[in-house]
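The values are calculated or read from the model by the stated rules, or taken from the named source; none is laboratory data. Nothing here was measured: the structure is a model prediction, and the numbers come from that model. Using ideal geometry, Cβ is built from the backbone for each residue, glycine included, and neighbour counts are taken over all protein chains shown. Accessible surface is based on the protein model in full, side chains and every heavy atom, while ligands, DNA and RNA are left aside. Shrake-Rupley method; radii C 1.70, N 1.55, O 1.52, S 1.80 Å.
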Amino acid sequence: MEGNQELDLKQKVKEEKKNLRGKIKSALNSMPRKMAKSESEKCCSLIIESTDFKNADVVLCYMATEKEINADTICTETLRCGKILALPKTVPGTRLMDFYIMDGEKNLDEQILIGGWHIREPIPTLPVFDAEKISGKNILAIIPGVAFTNDGARLGHGKGFYDIYLKKLLSQCEKSGCAITLTGLSFSTQILGTLPSSAHDVRMHKIIHV
């Protein structure tokens with residue numbers, strides 16, 4: 001009986017997440033481009049002006065889709081400041097991904113291709129970032145999502161890429177002594193009061209939005 005209740009609860013959470021994704025994506029589809037551009041610019045400025053960014057030796061960022069805060073400015077500024085920039089690339093046919101270290105001596109566009117789901121990804125010949133191979137560094141990980149709460153809950157797209165990777169990353173940082181800050185980047189319409197959660201969901205340390 002107890003096992004059945006647990007399965008029912010997991011299914012209920014799964015359905016709640018699915019319904020929320022649909023509602024948020026619908027709201028994002030109706031967001032005016034001008035508003036999306038403005039919020040992206042403001043969020044990028046908040047990141048770049050933050051102590052977390054200024055103190056970071058490594059910045060893990062992302063290449064945005066149309067339904068995510070455009071973080072290109074953060075990527076460009078990271079390289080301009082001489083910091084390490086790493087961007088995600090999924091492993092085809094799996095729920096895994098790795099972050100690849102971008103070459104600061106080259107144009108960012110030269111190191112990007114269109115990958116799965118038509119998302120911009122780093123070229124596979126770049127070195128893979130491994131937090132276990134560095135020690136005592138400050139890492140700022142900037143994470144996209146479908147929805148967030150101000151206290152750090154995150155709703156992803158349901159594939160598990162980030163939850164799986166972030167658990168590995170947190171473990172690597174614990175072993176290498178790196179300090180890491182997980183920061184969610186969000187449009188205002190993606191901020192909710194509460195979110196359904198599962199045991200495998202990784203919480204953010206901070207949420208940045210307008």
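Of all the numbered requirements in (1) under 19 Å from Thr65 (Cα atoms); (2) touching a Gly at 6+ places or on another chain (Cβ under 9 Å), Lys14 misses one, and that requirement is (1).
Condition check ((1) at pLDDT below 95; (2) farther than 17 Å from Gln190 by Cα; (3) surrounded by 12 or more Cβ atoms within 10 Å (Cβ to Cβ); (4) among the basic types (Lys, Arg)) across all residues:
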site	(1), (2), (3), (4)
Asn4	yes, yes, no, no
Glu16	no, no, yes, no
Asn19	no, no, no, no
Ser30	no, no, no, no
Cys81	no, yes, yes, no
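I'm trying to understand the selection: among the residues of the range 199-210, which are assigned to a loop (DSSP other than H, G, I, E, B) and surrounded by 12 or more Cβ atoms within 10 Å (Cβ to Cβ)? Passing the criteria: Asp201, Val202, Arg203, Met204, His205, His209, Val210.
With respect to Lys34, determine if the residue is at pLDDT 95 or above and more than 16 Å from Asn138 (Cβ to Cβ).
When the stated conditions are applied, Lys34 passes them.
For residues in the range 134-165 being at pLDDT 95 or above and among the basic types (Lys, Arg), which is farthest from His200 (Cα to Cα)? Per the criteria, the residue is Lys137. Which of the residues belonging to the range 170-197 are in contact with a strand residue (DSSP E or B) (Cβ under 9 Å, 6 or more places away or on another chain), assigned to a loop (DSSP other than H, G, I, E, B) and open to solvent by 10 Å² or more (accessible area, probe 1.4 Å)? Once the filter is applied, which keeps residues that are in contact with a strand residue (DSSP E or B) (Cβ under 9 Å, 6 or more places away or on another chain), assigned to a loop (DSSP other than H, G, I, E, B) and open to solvent by 10 Å² or more (accessible area, probe 1.4 Å), the range 170-197 yields Cys178, Leu192, Leu195, Pro196, Ser197.
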